[in-house]
1. Per residue of the chain, what 222 nm ellipticity follows from adding -39500 (n - 2.57) for every DSSP H run with n ≥ 4, rounded to the nearest 500?
2. So for the chain, Kirkwood radius off the Cα pairs, Stokes-Einstein at 4 °C and 1.567 mPa s: how many µm² s⁻¹?
3. For the chain, give the magnitude of the charge dipole about the Cα centre (Cβ charges: +1 Lys/Arg, -1 Asp/Glu; no others), in debye to the nearest 20.
4. In degrees, nearest 10, range 0 to 90: what is the angle between the Cα axis of helix 56-69 and the longest Cα principal axis of the chain?
5. Using only Cα atoms, tell me the angle between helix 27-43 and the longest principal axis of the chain; keep it within 0 to 90° and round to the nearest 10.
6. Report in % the part of the accessible area of the chain that belongs to carbon and sulfur, leaving out ligands and nucleic acids; probe 1.4 Å.
7. At 7 Å along the Cα-to-beta-carbon direction for both Glu56 and Asp18, put a label point, then send me their distance in nm to one decimal.
8. Enter the accessible area per residue of the chain (Å², integer; probe 1.4 Å; all protein chains in place).
Amino acid sequence: MKTLLSWDALLAAPAPCDHIVQLYTSDEALVSTVARFIEHGLTEGEANLVTLLHGERAHRLGVRLRDRIR
């Protein structure tokens, strides 16, 4: 397992098949991080899978994430 000092560096160039766990303090921080991770994968032609739990909060996060990636 590799450890990076910079969260931005990890999101800018994740390794193939990377899985990332992030503790976050706001929904916007989560949406921003997930969007950057997915955008990188799409740019590289990789598949992305996002799983959100069921519920109103998950729906709001999903909509915000979708709008950010477009």
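1. Calculated at 222 nm, the ellipticity per residue is -16500 deg cm²/dmol.
2. Details: Rh = 13.0 Å.
Reported coefficient: 100 µm²/s.
3. Values: 8 positive and 9 negative charges, 33 e Å.
Its charge dipole is roughly 160 debye.
4. On a 0 to 90 degree scale, this one is about 50.
5. Approximately 60 degrees, to the nearest ten.
6. 59 percent
7. About 3.5 nm separates the two model spin labels.
8. Working: 5490 Å² over 70 residues.
Counting only protein heavy atoms, the per-residue value for the chain is 78 Å².
The values are calculated or read from the model by the stated rules, or taken from the named source; none is laboratory data. Predicted model, so just to flag it, every value in this text is computed and none were measured. Heads up, the Cβs are rebuilt from the backbone with ideal geometry, glycines too, and the neighbour counts pull from every protein chain shown. Note: areas computed on protein heavy atoms with side chains; ligands, DNA, RNA excluded. Shrake-Rupley method; radii C 1.70, N 1.55, O 1.52, S 1.80 Å.
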